[in-house]
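Down below is the structure, laid out as structure tokens.
Every read-out reported here was derived from the displayed coordinates using simple, explicitly stated rules and does not represent laboratory data. Since the model is a prediction, treat every value here as computed from it, not as a measurement. Every residue, glycine as well, gets a Cβ built from its backbone with ideal geometry; the counts of neighbours run over all protein chains shown.
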There are 2 protein chains.
Amino acid sequence: MSERYDLYYWPGIQGRGEFPRLVLEAAEAPYRDMARLDEAAGGGVPAMMRVLETGIGHHIPFAPPFLVVGDRLVAQSAEISAYLGERLGLAPDTEADRLFARTIALTTADLVTDAHDTHHPIATSLYYADQKPEALRRAQEFRGERMPKFLGWYEWLLEMNDHGVLVGDRLTYADLGLFQVMEGLRYAFPRRMGAIEGRYPRVIALHDAVAQHPAVARYLASPRRLPFNEDGIFRHYPELDGE
Amino acid sequence: MSERYDLYYWPGIQGRGEFPRLVLEAAEAPYRDMARLDEAAGGGVPAMMRVLETGIGHHIPFAPPFLVVGDRLVAQSAEISAYLGERLGLAPDTEADRLFARTIALTTADLVTDAHDTHHPIATSLYYADQKPEALRRAQEFRGERMPKFLGWYEWLLEMNDHGVLVGDRLTYADLGLFQVMEGLRYAFPRRMGAIEGRYPRVIALHDAVAQHPAVARYLASPRRLPFNEDGIFRHYPELDGE
């Protein structure tokens, strides 16, 4: 466990990089946030671009975030979170529970893509202003159909489990992912969340328990936790929100 | 390895279920395609709905496809494929290669979502006809930006590796996923693929090698391989295609 983890992600946003970052922080693991380091120290966006161009031992990621550990490269937010969680004591114990934690993390990644596409329903390469009519429609469907479906699923998992966590009997990376999604949805859709989140009391209790986890609480209060903003995945555009 | 695999997915389409199904077929593993079995034999869509409602030992999937093996439930197309590939001899040997195979499979799942959203850019709950103007725009971006980006990445991986496969030195589930994506893109976007696929000779060679794999070839010629259709993920709507 004395290996060092190098996480690479865009430096100005929480985005998809925040999911593995929360696992590293909750585990108090030794890691470097490479694109946020000085270029003089071998970091910065140029260091990230070098890996995107040449890879690590012929393993080239399609996009950030990605993690480099020795000769290993892992990309995709949910896969990095699972890999770290299983190595750092933030995964369940049994094989059945471990597999289900992975299932949850990947489903959370789908929710994140859905939330992203509310402001970019046509193309990531275009500005929000250039796809606003489509965004208004997609956001309406997201608020009305998708948000209750995902949140209801998490609530149902918590109701089936007796331990106040999504899977197994203690906190895992799957719970950290739900915490982050709740943070993001509250930031992006405060009116909608205000209207519906009372339906999901177990989800809220788990969110609050994660926020009070000592290492997580220290991280959230530190400058390492970037604020949400309108360059990230969860963006607050009031016209996309509504009860 | 004598355990039986029960795969659950919508019976009328290839969709996301085709990725794990190809792994099971290539490995000649004993499996049941549950929703395509008779209801009298404990199969059919009602059997699938039962698992979606009550789960397996409190593990409830969000959506099909999912796999049940004994007391284990795994959902998410890429995760099921990785789980099966690693158990059935269709994964690389080293840890670094195994992690990268997972990275590839998850990136392929992103491409599949992108392809799906060309005909459903606003909501899966709406008909295509009710989101056609948005679909025309999203498909144009997909053809112009996303298809070359994904296909160029696969080609680059094949160029970096010396073995004619995406990772490691023999066929894995990551290659089966690329095969399926090529089949789907050719079905949905024949004009666009005709215009650009010559740029990706290594991808085409790998696709052809998978098609000639004996167990895969037998599967493709069997009635178990459903044809593509306009209820699936890859749909041929001529107005969404173009050079």
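By the gyration tensor of its Cα atoms, with a ≥ b ≥ c the square roots of the eigenvalues, what is the shape of the protein assembly as shown: rounded for a/c under 1.5, prolate for a/b over b/c, or oblate? Rounded is the answer for the protein assembly as shown, as its axis ratio a/c remains below 1.5. Of the residues B:ALA211, B:ALA129, B:ALA40, the one that moves most in a GNM of chain B with alpha-carbon contacts below 10 Å is B:ALA40.
Assuming charge only on the beta carbon of Lys and Arg (+1) and of Asp and Glu (-1), the dipole of chain A about its Cα centre is about 280 debye to the nearest 20. With a 10 Å cut-off around each Cβ of B:73-80, the average count of Cβ atoms from other chains is 5.
Separation of the range B:40-100 from the range A:165-185 is 21 Å, based on Cα centroids. Only DSSP H runs of four or more residues enter the estimate; each adds -39500 (n - 2.57), and after division by the residues of chain A the mean residue ellipticity at 222 nm equals -15500 deg cm²/dmol.
Partner shielding of B:97-108 amounts to 6, given as the average count of beta-carbon atoms from other chains within 10 Å of each residue beta-carbon.
Modelled spin-label separation between A:GLN140 and B:GLN140, with each label point placed 7 Å from Cα along the Cα-to-Cβ direction: 2.3 nm. Between A:HIS163, A:HIS207, A:HIS116, the GNM of chain A built on Cα springs shorter than 10 angstrom shows A:HIS163 fluctuating the most. Distances between copies at B:ALA195, taken between label points 7 Å from Cα along the C-beta direction, are 4.2 nm in increasing order. State the answer as a single residue: which of A:LEU176, B:PRO30, A:ALA109 lies farthest towards the positive end of the charge dipole of the protein assembly as shown, with beta carbon charges of +1 for Lys and Arg and -1 for Asp and Glu, about the Cα centre. Working it through, the farthest residue towards the positive pole turns out to be A:ALA109. Footprinting exposure proxy ranking of A:ILE204, A:ILE60, B:ILE80, fewest other C-beta atoms within 10 angstrom first, gives A:ILE204, A:ILE60, B:ILE80.
Only beta bridges with both residues in the range B:5-87 are counted; by DSSP, about 75 percent of them are antiparallel. Note on B:ALA205 and B:ARG224: their simple-model spin labels are 3.0 nm apart, each label 7 Å out from Cα toward Cβ.
Each residue of the range A:61-76 was assigned a 3J(HN,Hα) from its phi angle through the Karplus curve 6.51 cos²θ - 1.76 cosθ + 1.60 (θ = phi - 60°); the sequence is x, 6, 6, x, x, 9, 10, 10, 10, x, 8, 9, 10, 10, 10, 6 Hz, with glycine and proline shown as x. Where a ≥ b ≥ c are the square roots of the eigenvalues of the C-alpha gyration tensor, would you call the range B:95-213 rounded, which needs a/c under 1.5, or, failing that, prolate if a/b is larger than b/c, or oblate? Prolate is the answer for the range B:95-213, as a/c is 1.5 or above and a/b outweighs b/c.
The distance between label points at B:LYS132 and B:ASP169 comes to 5.5 nm (points 7 Å beyond Cα on the Cα→Cβ vector). Bridgeable lysines around A:LYS149 (alpha carbons under 30 Å apart, same-chain partners fewer than 8 residues away excluded): A:LYS132, B:LYS132. Which of rounded, prolate or oblate describes chain B when judged by the alpha-carbon gyration tensor and an a/c cut-off of 1.5? Oblate is the answer for chain B, as a/c is 1.5 or above yet b/c matches or exceeds a/b. Per-residue 3J(HN,Hα) values for the range A:189-196, derived from phi via the Karplus relation 6.51 cos²θ - 1.76 cosθ + 1.60 with θ = phi - 60°, read 10, x, 5, 5, 5, x, 6, 10 Hz in sequence order (x marks Gly and Pro).
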